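The block underneath contains the structure these notes are about, expressed in structure tokens.
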Amino acid sequence: MNNRKNEARIERMQQRLEAGSVAKRFPDVAEIVINMTYNQRGIKAILRTFNFFPGSYAFFRVDCLSKDCVDGGFDLTQVITTMIRNRRAEAKGELSCEGNDPSANPSAIVYEVAIQYT
Ligand SMILES: [Zn+2]
């Protein structure tokens, strides 16, 4: 179990490196802010904020916080690339965890993305 989780983490680090920088992939983006509320039954909602700058990796997948969840996470890549393509400044939505949580207590997020363009 722990091994599996470690492997998943290493894989994500690799994916992040391969994603390249925001400046390279999206040269007209000045800043991306992701605000999300992480919800899971039995715990208090957790607010999380992520900031991306031109020097950041263009990797928009956020890990699931459930300790039993393997390969879990929330991938905002699609949301963000679509926003940039349409030069949208704001988007809101919900995502469910992609992982397999053996506790049968899947988590979900409510997100708000704000993008500033150069
Ligand atoms: Zn999960």
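Quick one: which of 93-104, 52-63 comes out on top by average Cβ neighbours within 10 Å, and what's the full order, highest first? It would help to have the intermediate numbers written out before the result.
Details: 93-104: 14.1, 52-63: 17.2.
Highest to lowest by the protection proxy: 52-63, 93-104.
Helix 2-19 and the long axis of the chain differ in direction by around 10°, with both axes built from C-alpha atoms. Annotation: peptides 12-21, 79-88, ranked by per-residue average of other Cβ atoms within 10 Å with the highest first, follow the order 79-88, 12-21. Counting every C-alpha pair in the chain, the share spaced more than 22 angstrom apart comes to 37%. Computing FRET efficiency as 1/(1 + (r/R0)^6) for Lys44 and Thr77, where r is the C-beta to C-beta distance and R0 is 25 Å, gives about 0.35. Ellipsoid semi-axes for the stretch 1-63, based on the Cα gyration tensor and the rule √(5λ), read 25, 20, 6 Å when sorted largest first. The residues of the stretch 2-117 present an accessible area of 60 Å² per residue when probed at 1.4 Å with all protein chains retained. For Lys92, a cut-off of 27 angstrom between C-alpha atoms picks up these lysines, skipping any fewer than 8 places away in its own chain: Lys24, Lys44, Lys67. Heavy-atom surface analysis with a 1.4 Å probe gives the chain a carbon and sulfur content of 49 percent of its accessible area.
The values are calculated or read from the model by the stated rules, or taken from the named source; none is laboratory data. Just so you know, these numbers come straight off a predicted model, no measurement behind them. Every residue, glycine as well, gets a Cβ built from its backbone with ideal geometry; the counts of neighbours run over all protein chains shown. With ligands, DNA and RNA removed, areas are computed over all heavy atoms of the protein, side chains included. Shrake-Rupley method; radii C 1.70, N 1.55, O 1.52, S 1.80 Å.
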